Structure formats: structure tokens, C-alpha cells
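For reference, the structure discussed in these notes is given below.
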Ligand SMILES: [Fe+2]
């Protein structure tokens, strides 16, 4: 199974949104034949109606199934009331064959900080009930500090409780965004993966606009970062859910992912 993980599209009529990059990224994405595209929030920049309308038009260019959660930017200016009209429920469980996807809203109106809240723990528990399914949890804000993204802020306020319930249930894969850089790290039996920004001009250093390609096969999860401008793929992290073995190119430079 292949999942495309994209984030922080930032549709906007000012300087945030790069339409040329967006269209190029979608062309690359549509050729990859992903079974599902998970969008981890910030589809808009100010949560405005015109932005939602354009974001909806743009997202419809992405072929195939999509699961979408809101980001902090989508909640500004009453945007939290528009999100369900354009992109559906903000908290959900979807089943795609052997994959269970739990989408959760960590954003709150007119705030950049993230919070999961204990009321969403029930959804996480329900998400692991289907035996023999691989469970993926996705939300916008980051659960752990992300390197290469500047001074730490906006981490989920209840990160300790959130991490605890995720680790206790051995959730193999968590998808996040917000920081505009790609990253992956394994904690216990869980792989935490951040997507960079798909089409926002606010990129960091040389990271550029990127998205993640996640290939899941026989309990093995491989995350590859696609650089949109260079059209270049780079394997970032490989994790085996059954034996807990993980190769991370950020820390294990000598170990190549084949
Ligand atoms: Fe964000």
C-alpha cells in the first residue's frame, strides 16, 4: 500500500501560496499511484471563504482517495465552521482494507497552538480495535520537537498524554505537519512522521517544497521525501513494525536504505 502524505498547502491570495509549485507537485503526485493521500492541515492561510473555495478546487486536482484534517491556519476567522463544509469531518475513522486511518483535529479557533484533548482518546482506542489492520493516526501539530524548524513552539499542549496513549496502543504510524520540514523518528514501536510544506513559499533553508511517499508492505514502513522543485526522491526512514528495527538517515548516515 502506498500513502502520499502532504501538508501545509497554504492556499492564499497573498504571498504564501505558490501555484506553480502546487501544480507541479500534483502532477508528480498523481503519477505515483498512491492508494490514499493524507493531508495534515493548513490547506488555507487565513481560513477565509475565498481561500477555502480555491483550496477545494486545488485539492480536487489530486486524484484518488483523500483523508484531510484541519490545521491552525484553517481555523482562523471562523474558518473552523467552513472546514467541514469543504473537507468533511475534522475527527474521523476511515477504513481502507487493511488500513485504519484516524484523523484528529489538534487546532483550535484563532490559536496557533495545538491540543488534542482527552475527548479524542476514545477515537484512538476505537482506531486500534480492528485486529490485523495497521492503524495510522494523523493530525496537524507536531508531537515531538522537530529539528531544522527553528525555536520550538506550538507543540501539542498535551503532548505527554497524547504520546502516552499512542505508545501504549503500539500505533505504528503517526502523520503530522505544521513545521514545514520533513522529519521522521521512531519512539518505542511508533514511527512519527512530519511532512514538509507542499506549496507554501515559506520553506526553510534548502528543504524546499516536499511531500512524503509512504510505502507499507509486510509490516515494513518506508518513508521517502519527494522534493518538488528538483523532482528528486530521498529515502528518509525505514521501520519494521514486527521487530522494531529502524534505519533513520538523520542519525545513521553510514546506513543506507536500499
Ligand atoms: Fe500550521
(message) Once you order the gyration tensor axes a ≥ b ≥ c over the Cα atoms, which shape class does region 39-107 get: rounded for a/c under 1.5, otherwise prolate or oblate by comparing a/b with b/c?
(response) oblate
(request) State log₁₀ I(q)/I(0) for region 1-128 at q = 0.10, 0.14, 0.18, 0.19 Å⁻¹ as given by the Debye formula over alpha-carbon point scatterers of equal weight, solvent excluded. (result) -0.31, -0.62, -0.99, -1.09
(message) As an exercise, use a Förster radius of 41 Å and the Cβ-Cβ distance of residue 217 and residue 81 to find the FRET efficiency, rounded to the nearest 0.05.
(response) 0.55
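How long are the three semi-axes of the equivalent ellipsoid of region 203-258, in whole Å, if each is the root of 5 times an eigenvalue of the C-alpha gyration tensor, listed from largest down?
Square roots of five times the eigenvalues give 23, 13, 8 Å.
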(request) Find the centroid of the Cα atoms in region 125-147 and in region 196-252, then give the distance between the two in whole Å. (result) 17 Å
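When DSSP assigns beta bridges and you keep just the ones with both residues in the chain, what percent turn out antiparallel, to the nearest 5? Write down the numbers at each step before the final one.
Details: 34 of 55 bridges.
Antiparallel bridges make up about 60 percent of those DSSP assigns within the chain.
With a ≥ b ≥ c the root eigenvalues of the C-alpha gyration tensor of region 134-233, is it rounded (a/c under 1.5), prolate (a/b larger than b/c) or oblate?
Values: a/c = 2.56, a/b = 1.27, b/c = 2.02.
It is oblate, given that a/c is not under 1.5 and a/b is not larger than b/c.
When averaged across all projection directions, what area in nm² does the alpha-carbon convex hull of region 176-226 cover? Before the final figure, lay out the partial values.
Values: hull surface 15.1 nm².
In nm², the orientation-averaged hull projection of region 176-226 is 3.8.
As a test of the formula, what do you get for the chain when each DSSP H run with n ≥ 4 contributes -39,500 (n - 2.57) and the sum is divided by the residue count, at 222 nm and rounded to the nearest 500 deg cm²/dmol? Don't skip to the end; give the middle numbers.
Details: 5 runs with 50 residues, N = 258.
Theoretical 222 nm ellipticity from helices: -5500 deg cm²/dmol.
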(message) I need the shape label for region 83-131. Rule: rounded when a/c is under 1.5, else prolate if a/b > b/c, else oblate, with a, b, c from the alpha carbon gyration tensor.
(response) oblate
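How far, in nm, would the chain grow between residue 65 and residue 254 when pulled straight, counting 0.36 nm per residue and subtracting the alpha carbon separation? Walk me through the numbers before you get to the answer.
Details: separation 189, 0.36 × 189 = 68.04 nm, distance 3.69 nm.
Result for the pair: 64.4 nm of gain on full extension.
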(request) Would you mind computing, in nm to one decimal, how far apart the modelled labels at residue 50 and residue 170 are, each placed 7 Å from Cα along Cα→Cβ? (result) 5.2 nm
(message) Can you report the principal axis dimensions of the chain using only the alpha carbons, biggest first, rounded to whole angstrom?
(response) 48, 42, 38
(request) From zero up to wherever the largest Cα-Cα distance of region 110-162 sits, split into 5 Å bins and tell me the percent of pairs in each. (result) 4, 17, 23, 21, 15, 11, 6, 2, 0
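For an R0 of 41 angstrom, estimate the FRET efficiency from the Cβ-Cβ distance between residue 243 and residue 13 and round to the nearest 0.05. Don't jump to the answer; show the numbers that get you there.
Values: r = 50 Å, r/R0 = 1.21.
The calculated FRET efficiency here is 0.25.
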(message) Which order do the peptides 70-77, 215-222, 139-146 come out in when sorted by mean C-beta neighbours inside 10 angstrom, highest first?
(response) 70-77, 139-146, 215-222
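Only the coordinates and a few stated rules stand behind these numbers; no lab work does. For clarity, every value in this text was computed on a predicted model and none was experimentally measured. So basically every Cβ, Gly included, is an ideal-geometry build from the backbone, and we count neighbours across all protein chains shown.
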